[in-house]
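Just below is one structure, and these are the notes that go with it.
The values are calculated or read from the model by the stated rules, or taken from the named source; none is laboratory data. Being a predicted model, the structure only gives us computed values, none of them experimental. No Cβ is skipped: glycine too gets one built from the backbone with ideal geometry, and neighbour counts run over all protein chains shown. Ligands, DNA and RNA are stripped out before the accessible areas are found, and what is left, the full protein with its side chains, is counted by its heavy atoms. Shrake-Rupley method; radii C 1.70, N 1.55, O 1.52, S 1.80 Å.
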Amino acid sequence: MPRVDLLPPEVRAERHAAVNVRRAWTGVVGLVVIVGVAGATAAIYASAATATLASSQKETSSLIMQSAGFSEVNTVQNETDLVGAAVRVGGSTDIDWPSYLAKVKATVPNGMELATVTIDSATPVVAYAQATTPLEGQRVATLTFSSTSSSLPDVPTWLTSLRTLPGYTDASAGTVALSAGVYTSNVVVHVDSEAFSKAYSKEGK
């Protein structure tokens, strides 16, 4: 059936305006609720973070106070470590000479007696002088021996026996002199780092 809208345009416009107003207020209320929820959530997280920070600070303070009680122990430990390092450095070039010379004496052939020994060895702070000729190997110590005998000394056999010494590098014979019926012979021996005792290293006893 045909219908005719007899409402004035002013009434129709007023109704549309009222609907728009209600929609606007609904949006405003919804936005306020969202902002309120977000603010409450942020406040909760902030409170939890503050509590965690306070707990961490309290624990840190407690650890600092506890460590202060061990300051003397730490000082003693540091000094002990320093002394230990100094001993290892100072003993890095140590050779057990009494034991080593006993091995040298065992190499002397029958009929010969070890008379004198001169030792020139490396130090922890000064590099040992090396040979200037390519035929001589690296060394950390030089031993010069003199022996006496009533007959012509068997120096070649002695040179061969000296090769059994720890750290042996090379050896050479010097002069053989006869005086008042006594032969005196000289031998020079070079040894390398294998002769070190390592008694003061971490691996040493």
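Side notes on the structure shown:
- Looking across T160, T164, one residue alone is modelled with pLDDT of 90 or more, within 22 Å of W97 (Cβ to Cβ) and open to solvent by 60 Å² or more (accessible area, probe 1.4 Å). It is T164.
- The residue list S121, S146 contains one member that is open to solvent by less than 30 Å² (accessible area, probe 1.4 Å), more than 17 Å from T164 (Cα to Cα) and not aliphatic (A, V, I, L, M), which is S146.
- The stretch 128-169, residues that are part of a strand (DSSP E or B) and aromatic (F, W, Y): F145, Y168
- Listed by first and then second residue, the pairs with beta-carbon distance under 8 Å, at least 6 apart or on different chains, first residue in the stretch 95-116 and in contact (Cβ under 8 Å) with a residue 60 or more places away in the chain and over 19 Å from G174 (Cα atoms), second assigned to a helix (DSSP H, G or I) and open to solvent by 60 Å² or more (accessible area, probe 1.4 Å), are K103/T164.
- Single residue of the stretch 167-192 satisfying the filter (small (G, A, S) and surrounded by 17 or more Cβ atoms within 10 Å (Cβ to Cβ)) that is nearest to I95 (Cα to Cα): G167
- For the criterion of being part of a strand (DSSP E or B), under 25 Å from Q130 (Cα atoms), touching a residue at least 60 places away in the same chain (Cβ under 8 Å) and among the polar types (S, T, N, Q), S172 fails.
- So L101, is it at pLDDT 65 or above and surrounded by fewer than 11 Cβ atoms within 10 Å (Cβ to Cβ): no
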